[in-house]
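*Asks:* Just dropping this structure here.
What follows is calculated from the coordinates using simple rules that are stated; it is not laboratory data. No experiment lies behind these values; they were computed from the predicted model shown. Ideal geometry is used to build each Cβ from the backbone, glycine not excepted, and the neighbour counts take in all protein chains shown.
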Amino acid sequence: MTYTKTAPAITTTTPKAIPVPSLATRLQAALEHARRLTEMRGTADIEVAIAWETVEELQVAWYRHQQNSPTYFEQYCVAHPDAPECRIYED
């Protein structure tokens, strides 16, 4: 009797893309979680403090993200550079 070792079949599949929630969605979810946890456990619990710390960090990230993105007025001026509102007068 002869035994032959065969290699297992290798199937290549592309992993499904896991949707990444936006910063606003994560902030909203963290805020709701912190509020519910506070209602359930009170303000003296360590997990409540951690939940609110997470909210604070996400708020800072959201603020920094907003500061780096152009305002609607800046976007308008890029699209319409000849508009009177977008003229820049230098001395």
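*Asks:* May I ask you to give the average projected area over all directions of the convex hull of the Cα atoms of the range 23-86, in nm² rounded to one decimal?
*Replies:* Details: hull surface 21.4 nm².
Reported value for the Cα convex hull: 5.4 nm².
*Asks:* Evaluate the distance, in nm, between pseudo-label points positioned 7 Å from the Cα of Gln67 and of Ala44 along their respective Cα→Cβ axes.
*Replies:* With each label placed 7 Å out from Cα toward Cβ, I get 3.8 nm.
*Asks:* Report the calculated FRET efficiency for Arg26 and Glu74 (r = Cβ-Cβ distance, R0 = 30 Å), to the nearest 0.05. Provide the component values of the computation, followed by the final result.
*Replies:* Values: r = 26 Å, r/R0 = 0.86.
Once rounded, the FRET efficiency stands at 0.70.
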